[in-house]
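What follows draws every value from the coordinates through simple rules; no lab data is involved. In this text, all values refer to a predicted model and were calculated from it rather than measured experimentally. Don't worry about glycine lacking a Cβ; one is built from the backbone with ideal geometry, like all the others, and counts go over all protein chains shown.
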Amino acid sequence: LDLMKTRNLFIAVLAIVVVAFGAAQLFAAVTESSTNVPLAIPDAGSVNSTLAFSVAGTITDANLTFTITHAWDSDIGVSLTSPTIPIQLLVQNCGGSADNFTNTVIDEDAGAFPCAGTTGAPFTGSFQSPGAGTMDAFDGSASNGTWTLTAADDSSIITGTLQSWSL
């Protein structure tokens, strides 16, 4: 009789474990990088770079990492569009005459972007978006499909290069 009670208790506990783990969702950070870079950013113009995100899922926390070489950071604007979310202007008019964005991460869970003056250039690290848009706009949407990063130069004096970017 004790053996039967032990067996039944084991089966009950096993059933609870299976249900608990079966209902649990697993989350993993997935990073994919654009393969059509580097791209020149023309004077007083813009360039689009695409990233075919292959992992299907629902975004819980989107972050953008990019590197742009440019000798006058405040000329640069960076925006991002997903397959389902319209354009989000993430960086614009930041950094004055400072140079470059180097492995700059736009992460809404990070600290404020040091946008005024040249403080923080070459802007290496994680910052909240100082633009009109936000990376939080992508949370809850589908991840897979073609994403587009637009790097714009609002001046006609200095050119730059979009070196790399990833999500």
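For Ser156 and Val105, what is the calculated FRET efficiency with R₀ set at 22 Å and r taken between the beta-carbons, to the nearest 0.05?
0.15
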Original post:
For labels at Thr124 and Ala71 in the simple 7 Å Cα→Cβ model, what's the distance in nm?
Top reply: 2.1
Subject >> Cβ-Cβ FRET estimate between Ser54 and Thr134, R0 fixed at 30 Å, reported to 0.05 >> reply: 0.75
Subject >> Rounded D (µm²/s) - region 37-167, Kirkwood Rh over Cα pairs, Stokes-Einstein at 25 °C, 0.890 mPa s >> reply: 169
**OP:** Starting from the Cα-Cα distance between Thr84 and Ser97, subtract it from 0.36 nm times their residue separation and give me the gain in nm to one decimal.
**Re:** 1.2 nm
